[in-house]
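Here's the structure we're looking at; comments come further down.
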Amino acid sequence: MTRFDTLITNGRLITAADSYDADIGIKDGRIVALGEDLGEAAEVIDAQGLWVMPGGIDAHCHLDQPLGDGAVMADDFLTGTRSAACGGTTTVIPFAVQQKGQSLRAAVEDYHRRSEGKAMVDYAFHMIVTDPTESVLKEELPALIEEGYSSFKIYLTYDDLKLNDREVLEVLAMARREGGMVMVHAENADCIAYLTELLESQGQTSPFYHGVAHSAIAEREATHRAISLAELIDVPLLIVHVSGPEAIEQIRWAQGRGLRVYGETCPQYLMLTASDLDQEGFEGAKCVCSPPPRDKAAQEAVWQALEGGVFQVFSSDHAPFRYDDPQGKKLHGEEAGFHHIPNGIPGLETRLSILFSEGVVKQRIDPTRFVALTATNPAKIYGLYPRKGTIAIGSDADLTLWDPRARSTVRNVDLHHAVDYTPYEGLELTGRPVLALCRGASVSRNGEPTAEPGHGQFLKCDKPQPARPRGQAKGF
Ligand code: URP
Ligand code: ZN
Ligand code: ZN
């Protein structure tokens with residue numbers, strides 16, 4: 001019998017700490033050897049000229065999430081994880097959402113039913129807490145955290161999801177007691193509602209005005225408030241999908257004071273601006289997401305914060321709605337005001353290639369930081385490290401082999417999600433994943449899926465023990 005199932009030779013290995021040349025021996029889905037001349041294997045993959053990185057972890061994406069308003073997400077666990085695999089992502093963490101009045105346990109059980117047997121890559125669950133009743137806070141959440149559901153998102157906006165400040169404090173206090181990681185969608189609901197009504201009364205209802213209603217000031221205020229509430233309770237907090245300098249300044253301020261405040265941003269805040277909402281006819285609806293893309297100066301601020309260490313996590317916030325569909329962006333028709341358009345844009349498959357091309361190839365971030373942002377830090381923050389997110393002996397053999405020089409153009413017809421558009425159509429990229437392995441098995445090759453539905457396994461997350469963010473310092 002050969003020593004390894006698979007041997008990856010001649011590659012340049014890149015982790016969040018180092019890059020170096022070594023071969024990788026894989027047995028039973030795990031990395032069991034790193035070095036030179038490792039010996040015989042049933043299969044040898046020659047990675048000459050390729051970079052070998054930990055498989056991507058997309059720690060913020062929405063798949064088959066039940067929505068109350070008649071909208072339906074385009075991607076379920078099959079199409080979503082197929083798309084992830086083809087983009088080099090080997091673990092996803094979508095959200096089990098609690099409907100108001102529903103038990104959190106029921107939401108998690110329902111989400112298991114939706115995912116069972118469908119995923120091509122591994123997956124864990126965050127939860128969305130919308131109804132923090134006494135039994136949720138004192139019984140359900142403590143038990144669920146122990147069972148491997150250790151992170152949850154709370155909202156400060158959207159009528160059917162939002163918590164008031166008292167409820168936020170109760171959730172934060174529970175997270176401190178039980179050791180959970182809280183993610184927050186930080187926008188001020190009343191500011192948005194006020195601006196929405198004002199704009200509507202003036203007939204300013206096209207998709208462009210979504211960006212006006214979701215003002216950066218509303219994002220800044222809610223970000224600061226969430227940080228203050230977490231400081232009061234003395235608990236870590238992660239601010240998701242940060243769009244620009246106003247919120248970044250709050251996070252940088254908190255980190256500068258030594259608070260355990262983490263930040264996440266997404267491709268749309270690097271690549272899109274408010275002008276993408278301002279397209280002919282209803283086309284701008286394709287880029288309606290919250291917070292919205294802002295201006296060129298905001299993009300530059302996001303790049304600087306990625307480079308400078310304010311952000312720890314880079315996720316897609318894939319929220320898939322078809323454009324030409326009465327259950328998608330056209331839920332209420334093209335004449336409906338902007339606030340009736342389902343929020344969210346697709347991005348699972350393009351997340352890594354965009355950051356690689358625009359960040360690594362253009363030398364805004366180095367390859368080790370790319371790995372930290374897209375795999376290692378999310379694994380640490382959400383309790384999956386070191387099983388996931390690194391190349392080390394004993395870790396799962398979740399690896400993505402990159403050709404750093406390959407050129408491609410983003411075309412929706414080449415993507416594997418079930419959405420009928422990509423906001424990045426026509427974008428020219430350098431660098432692409434040529435092979436992705438999830439626990440040693442190939443899940444995509446040259447951008448095409450190679451796994452069977454059901455290959456992906458559910459992952460229980462440990463209680464997160466992230467390092468304190470170092471603000472301006474590079475690295476974690
Ligand atoms: O517009 C967005 N981001 N939709 C997805 C849901 C969320 O708030 O992340
Ligand atoms: Zn959100
Ligand atoms: Zn989201």
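Structure summary
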item: Those strands (runs of 3 or more DSSP E) lying entirely in the stretch 12-121 with at least 2 residues free of Cβ contacts under 8 Å to residues at least 40 places away in the same chain, closer than 21 Å to Ala436 by Cα and hydrophobic (A, V, I, L, M, F, W, C); result: 41-46
item: Qualifying positions in the stretch 135-152 - farther than 19 Å from Lys100 by Cβ, surrounded by 15 or more Cβ atoms within 10 Å (Cβ to Cβ) and aliphatic (A, V, I, L, M); result: Ile145
item: First in the stretch 289-311 and at positive phi, second anywhere and away from ligand 1 (no atom under 16 Å from the Cβ), Cβ under 7 Å, 6 or more apart; result: Gly309/Arg470; Gly309/Gly471; Gly309/Gln472; Gly309/Ala473; Gly309/Lys474; Gly309/Gly475
item: Some residue of the stretch 261-270 being away from ligand 1 (no atom under 14 Å from the Cβ) and either free of Cβ contacts under 8 Å to residues at least 40 places away in the same chain or of a type in the set (Val, Ile, Thr) (or both); result: yes
item: Search result, residues across the stretch 10-26 that are in contact with a strand residue (DSSP E or B) (Cβ under 8 Å, 6 or more places away or on another chain) and surrounded by fewer than 17 Cβ atoms within 10 Å (Cβ to Cβ); result: Asn10, Ser19, Tyr20, Asp21
item: Ala436 being closer than 26 Å to Glu358 by Cα and among the small types (Gly, Ala, Ser); result: yes
item: Filtered residue count, the stretch 253-273, keeping only those that are crowded, with 21+ Cβ neighbours inside 10 Å and assigned to a helix (DSSP H, G or I); result: 4
item: Selection within the stretch 56-110 - among the aromatic types (Phe, Trp, Tyr) and surrounded by fewer than 24 Cβ atoms within 10 Å (Cβ to Cβ); result: Phe95
item: Qualifying residues in the stretch 286-324 (those that are farther than 27 Å from Tyr209 by Cβ and part of a loop (DSSP other than H, G, I, E, B)) - the one farthest from ligand 3 (Cβ to nearest atom); result: Gly309
item: Subset of the stretch 166-182 (residues that are within 16 Å of ligand 3 (Cβ to nearest atom) and without any contact (Cβ under 8 Å) to a residue 60 or more places away in the chain); result: Val182
item: The stretch 405-439, residues that are in contact with a Ser or Thr (Cβ under 8 Å, 6 or more places away or on another chain) and hydrophobic (A, V, I, L, M, F, W, C); result: Ala406, Val410, Leu415, Ala418, Leu427, Leu429, Leu435, Ala436, Leu437, Cys438
item: Restricting the stretch 432-470 to residues that are assigned to a strand (DSSP E or B) and loosely packed, with under 15 Cβ neighbours inside 10 Å, the residue that is nearest to the chain's Cα centre (by Cα); result: Phe458
item: Any chance Ala372 is surrounded by 23 or more Cβ atoms within 10 Å (Cβ to Cβ) and under 22 Å from Met120 (Cα atoms); result: no
item: Failed item, numbered, when Tyr262 is tested on (1) away from ligand 3 (no atom under 16 Å from the Cβ); (2) farther than 20 Å from Glu428 by Cβ; (3) in contact with a helix residue (DSSP H, G or I) (Cβ under 8 Å, 6 or more places away or on another chain); (4) not aliphatic (A, V, I, L, M); result: (1)
item: Residues of the stretch 208-246 that turn out to be assigned to a helix (DSSP H, G or I), touching a strand residue (DSSP E or B) at 6+ places or on another chain (Cβ under 7 Å) and within 16 Å of ligand 2 (Cβ to nearest atom), as a count; result: 2
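FYI, it's all coordinate maths here, none of it is from the lab. Predicted model only: the values in this text are computed from it and were never measured. Cβ: placed from backbone, ideal geometry, glycine included. Neighbour counts: every protein chain shown.
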